[in-house]
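What follows is a set of notes on a single structure, which appears directly below.
The values are calculated or read from the model by the stated rules, or taken from the named source; none is laboratory data. Remember, it's a predicted structure, so these values are computed and weren't measured experimentally. A quick note on method: Cβ atoms are made from the backbone with ideal geometry, for glycine too, and the neighbour counts reach across all protein chains shown.
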Amino acid sequence: MKTTVAGAGLVGSLLSIYLAKRGHNVTVYERRPDMRDTSIPAGRSINLAMSDRGLRGLAGVGLEEEIRKICIPMHGRMIHDVQGNTNFQRYGKEGQFINSVSRGELNKLLMTEAEKAGVKIHFNSRLASLDLNTATAKFIDANNNEIVAQADTLLGTDGAFSAARMALMTGSDRFDYSQTYLEHGYKELTILPVNGEFALDQTALHIWPRGGYMLIALPNLDKTFTCTLFFPFEGEDSFATYNTVVKGREFFERIFPDALALMPEFDEEWAGNPVSSLVTVRCLPWKYKDKLLLVGDAAHAIVPFYGQGMNCGFEDCTVLDQLLGAHNDLTTVFTEFEKLRKPNADAVAELALMNFVEMRDKVADPMFVLRKKIEAKFNAKHPTLWLPLYSMVTFSDIPYAEALTLGQWQNSIMEKVMAQPNITERWDSLEVEEYMHSLVKEFSL
């Protein structure tokens, strides 16, 4: 089968490997230049958190161990208060961790592996038009020449602002679409090594939660940390207010002093790195007959606060490959894919928005920390009755929609538990455990 893939990002590159291994003749068209030959613009790297779903997607094409070589395990959150005190919060059980990985390095590796699998990649090729009935696509190259790509089907993996999705939106009937922006944007900064070593604990994802906004930092193989400030565009504390280097530095001296002390390039980065937006995209349908299917961010872009954008996209690849193995015709494959993945995409979008509030507002709250201790203890003693929401999303293959429903059920239970008299003194008692156990049994009926 001849297949065109629009977009050589993370999902497009991985999906093209899956397709090539199934015998498809795959050609990928990417609007950007080859990042293996060009540098990524400053402030656009965005480290990613690879977790179990993403690793399963890589394992499906035999790349899990190769990718682990460029990952740094992060076993929990390191919370930083204004005074510089820190508090480590483990993500899951001993031995469970997420992985910091460079988006650029991961993408480069996947593109190289795709080419090894026989995939042809054309760079500087922008999707200009698409005939939905014939899957004939027209791309424009860097010299403004038109390239006509005729294939049996086209897979749109061209990101949150997908041209393939636009073709489906304008060329089909009853297309539902929404894009919702956060009032927050983000700016990237860098923590440099100290005496050639990591300046912070490299086994943690660092968070400076400040209620309404936050700074995070993920470790890199070169012993730097990529930091991201998630901050309102407008308002008293915002990018609009701190719009000069002097104002930005004064703000960091007050709010993130320990981080600023490790940022010798702060002035240059505050002035030069862009402020970027955060969008959630929902749409339906994702397909047109057997000629077009949207995959990854093209179908369901989400904000990054559960670290699941890439992981969800890689899980798309796993599910689509399973369906290709189970069915002979693409119409059935595309229909089943949409039916399986749309509810989960909507759920993880909601989970990501919920986790933004948790990361910026709750992780520094002693009662929130206590709640997590109670959940962890109950899970350890009753693993078949309770799995914390974070573990369901990050360390399992439980469908996102099911995890969201179970998480809402757990929240209703924990609200009752936390309302118990003297819970801060009694949280580790047998009485609290038995009460929680009774609530679980009651809610399970």
Problem set entry | Test: residue in segment 241-262 that is under 29 Å from THR3 (Cβ atoms), at pLDDT 95 or above and either not in a loop (DSSP other than H, G, I, E, B) or not hydrophobic (A, V, I, L, M, F, W, C) (or both) | no
For this session: Mind telling me which of the residues LEU323, LEU340, LEU293 ends up being in a helix (DSSP H, G or I) and either in contact (Cβ under 8 Å) with a residue 40 or more places away in the chain or over 30 Å from ASN47 (Cβ atoms) (or both)?
Result: LEU323
For this session: Specify which of the listed residues (THR112, THR3) is out of contact with any Pro (no Cβ under 9 Å at 6 or more places or on another chain) and more than 21 Å from LEU221 (Cβ to Cβ).
Result: THR3
Exercise. Does ALA298 qualify as being part of a helix (DSSP H, G or I), buried (at least 22 other Cβ atoms within 10 Å of the Cβ), in contact (Cβ under 8 Å) with a residue 24 or more places away in the chain and out of contact with any Asp or Glu (no Cβ under 8 Å at 6 or more places or on another chain)?
Worked result: no
Exercise. Can you name every residue in segment 20-47 that is more than 25 Å from GLU146 (Cβ to Cβ), touching a helix residue (DSSP H, G or I) at 6+ places or on another chain (Cβ under 9 Å), at pLDDT 95 or above and not basic (Lys, Arg)?
Worked result: ALA20
For this session: Would you check which residues across segment 1-41 are under 17 Å from LEU109 (Cα atoms), small (Gly, Ala, Ser) and touching a residue at least 24 places away in the same chain (Cβ under 8 Å) and list them?
Result: GLY7, ALA8, GLY9, GLY12, SER13, SER16, ALA20
Problem set entry | Test: residue in segment 204-222 that is surrounded by 18 or more Cβ atoms within 10 Å (Cβ to Cβ), among the aromatic types (Phe, Trp, Tyr) and part of a loop (DSSP other than H, G, I, E, B) | yes
Problem set entry | Flag if MET418 is surrounded by 12 or more Cβ atoms within 10 Å (Cβ to Cβ) and over 30 Å from PRO73 (Cβ atoms) | yes
For this session: List every residue pair whose Cβ atoms lie under 8 Å apart, where the two residues are 6 or more positions apart in sequence or sit on different chains, the first residue falls within segment 387-400 and is in contact (Cβ under 8 Å) with a residue 24 or more places away in the chain and among the small types (Gly, Ala, Ser), and the second residue, located anywhere, is in a helix (DSSP H, G or I) and surrounded by 17 or more Cβ atoms within 10 Å (Cβ to Cβ).
Result: SER391/ASN379; SER396/ASP52; SER396/ALA403
Seminar exercise, completed: Per the filter on segment 48-89, residues of a type in the set (A, V, I, L, M, F, W, C), assigned to a loop (DSSP other than H, G, I, E, B) and without any contact (Cβ under 8 Å) to a residue 40 or more places away in the chain are CYS71
For this session: Spot the failing condition for THR424; the list is (1) assigned to a helix (DSSP H, G or I); (2) closer than 16 Å to LEU385 by Cβ; (3) of a type in the set (Val, Ile, Thr), and only one is missed.
Result: (2)
For this session: Starting from residues that are aliphatic (A, V, I, L, M) and farther than 17 Å from VAL393 by Cα, keep the ones in segment 70-101 and report whichever is surrounded by the fewest Cβ atoms within 10 Å (Cβ to Cβ).
Result: VAL82
Problem set entry | Any hit, segment 107-117, residues being assigned to a loop (DSSP other than H, G, I, E, B) and farther than 12 Å from LEU292 by Cα | yes
Problem set entry | Sole residue being touching an Asp or Glu at 6+ places or on another chain (Cβ under 7 Å) and of a type outside the set (Phe, Trp, Tyr), chosen from SER125, SER129 | SER125
Seminar exercise, completed: Pairing a residue in segment 250-279 that is under 11 Å from GLU188 (Cβ atoms) with any residue that is at pLDDT below 95, where Cβ atoms lie under 7 Å and the two sit 6 or more apart in sequence or on different chains, gives GLY272/ALA42; ASN273/ALA42; ASN273/GLY43; PRO274/GLY43
Problem set entry | Matching option when the condition is out of contact with any strand residue (DSSP E or B) (no Cβ under 9 Å at 6 or more places or on another chain), of a type outside the set (S, T, N, Q) and outside the structural domain of LEU294 (by TED's automatic domain parsing), among GLY95, GLY104, GLY159 | GLY95
